[in-house]
1. Say we look at the stretch A:217-239 and pick out the residues that are assigned to a loop (DSSP other than H, G, I, E, B) and at pLDDT 90 or above; which of these is surrounded by the most Cβ atoms within 10 Å (Cβ to Cβ)?
2. Would you check which residues across the stretch A:26-65 are aliphatic (A, V, I, L, M), in contact with a Lys or Arg (Cβ under 9 Å, 6 or more places away or on another chain) and surrounded by fewer than 16 Cβ atoms within 10 Å (Cβ to Cβ) and list them?
3. Among all residue pairs at least 6 apart or on different chains, which show Cβ distances below 7 Å where the first residue, located in the stretch A:192-207, is more than 8 Å from chain B (Cβ to nearest Cβ) and the second is not in a helix (DSSP H, G or I)?
4. Could you tell me how many of the residues in the stretch B:66-75 are at the interface with another protein chain (Cβ under 8 Å from one of its Cβ atoms) and in contact with a helix residue (DSSP H, G or I) (Cβ under 7 Å, 6 or more places away or on another chain)?
5. Only one residue in A:213, A:170 is free of Cβ contacts under 8 Å to residues at least 12 places away in the same chain and crowded, with 22+ Cβ neighbours inside 10 Å. Which one?
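The values are calculated or read from the model by the stated rules, or taken from the named source; none is laboratory data. Here the structure is a predicted model, which means the values were calculated and not measured. FYI the Cβ positions are ideal-geometry reconstructions off the backbone, even for glycines, and counts take in every protein chain you see.
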Amino acid sequence: MDEGQLPDESPAPPRYAEELEIALAALDGEEQAVQAVKAILDDPALRRWLVARGASAAEADELFGDLLTDCFAGRKKSGEMNRLLGRYNGACKLQNFLRRVVLNRFIDRKRRAPDVVSLPTESDEDDGRGGRELAAPSGIDSEDAISQILVDAVRRAFASVDQEKLVLFRLFHSYQISQQRIAAMWGWHYSKVSRALTGLCEELRDGIMAEVRQADPWLQLEWEDFVDLCGDSLDLFDY
Amino acid sequence: MNQPNSIEASLRVVATFFDKFGAPVEGHAREDLTREQRSQIERLAAGDLSDEERETIVPLLIRNEAAIELLAATVPGDR
């Protein structure tokens, strides 16, 4: 590098740059892009997905209607433009972003409903302020209710399993230590490590889903949803 | 949407999620290890700990990220 030349510190392009371009073009009013965004929001499969998560058909219609409006015409209380689509940064698929927003709004609506009682989360108990959003982990959007549901469920499930097996799990999944090496360290046969990890995975999956259902019984999340939402969180909050 | 095709693959996503968002909240502090703790971890990595010794070190590996990190770094590599 030449003396005095600054290193290239331009940020990496977003993972879904093409979808970000569509969103930006839609915000600029380009008809084809606007129609592409509307097509996502009008997709019956997306509404069916929300209904399957516990919303009524009327709630789904209303939530997606509001979402469409807010994508292009949202305003802050101050009157300043705050279009929802402007918050999309291309870190995940646009459909996933919109699905997450509508799920957050559905959760918020259900929790505000007078006939819905959600059990307190650990964070509620910790800070004593009774608000899930108040104790969002660093790096996570404090307005993202679903993130708090994921974190609480994972933390509780991880804390409730056999802690020795959890060490094996973290060595294998978080630190990429092979099961053969773990077996050598623990003085176990490889098959014992394998069985322990398989059993723990099932226990964690069941425990996580039990935590989700206990916290918000009306929220019909499936395991695949949970994993997808965790994956989206890693993309969305990877900064 | 990329759908993990097995429980193990899906748990890997969840583990990464926990590492990023759950562990810091959970209080998985990164504290300096004593010489004795380091020695025990190195012996575990070498497969030299008895069942009883291993049981006593598990809580440390759970609560102190530096401990499990050292264990992972010390184990003879095949990664």
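1. Taking the stretch A:217-239 as the starting set, the residues that turn out to be assigned to a loop (DSSP other than H, G, I, E, B) are A:217-222, A:237-239.
Within this subset, residues satisfying the condition of being at pLDDT 90 or above are A:217-222.
On the way: A:217: 13, A:218: 17, A:219: 20, A:220: 15, A:221: 22, A:222: 12.
Within the stretch A:217-239, the match that is surrounded by the most Cβ atoms within 10 Å (Cβ to Cβ) is A:221.
2. Residue satisfying the conditions is A:57 alone.
3. That search, which allows pairs on different chains as well, returns A:200/A:161; A:203/A:161; A:207/A:161.
4. Of the residues in the stretch B:66-75, the ones at the interface with another protein chain (Cβ under 8 Å from one of its Cβ atoms) are B:68-69, B:71-72, B:75.
Filter once more, so that each one left must be in contact with a helix residue (DSSP H, G or I) (Cβ under 7 Å, 6 or more places away or on another chain): B:68, B:71-72, B:75.
Qualifying residue count, the stretch B:66-75: 4.
5. Exactly one of A:213, A:170 is free of Cβ contacts under 8 Å to residues at least 12 places away in the same chain and crowded, with 22+ Cβ neighbours inside 10 Å, namely A:170.
For (1) within 21 Å of residue A:172 (Cβ to Cβ); (2) facing another protein chain (nearest Cβ under 7 Å); (3) modelled with pLDDT of 90 or more, each residue gets a yes or a no:
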| site | (1), (2), (3) |
| --- | --- |
| B:7 | yes, yes, no |
| B:20 | yes, yes, no |
| B:28 | yes, no, no |
| B:36 | no, no, yes |
| B:48 | yes, no, yes |
| B:52 | no, no, yes |
| B:57 | yes, no, yes |
| B:64 | yes, no, yes |
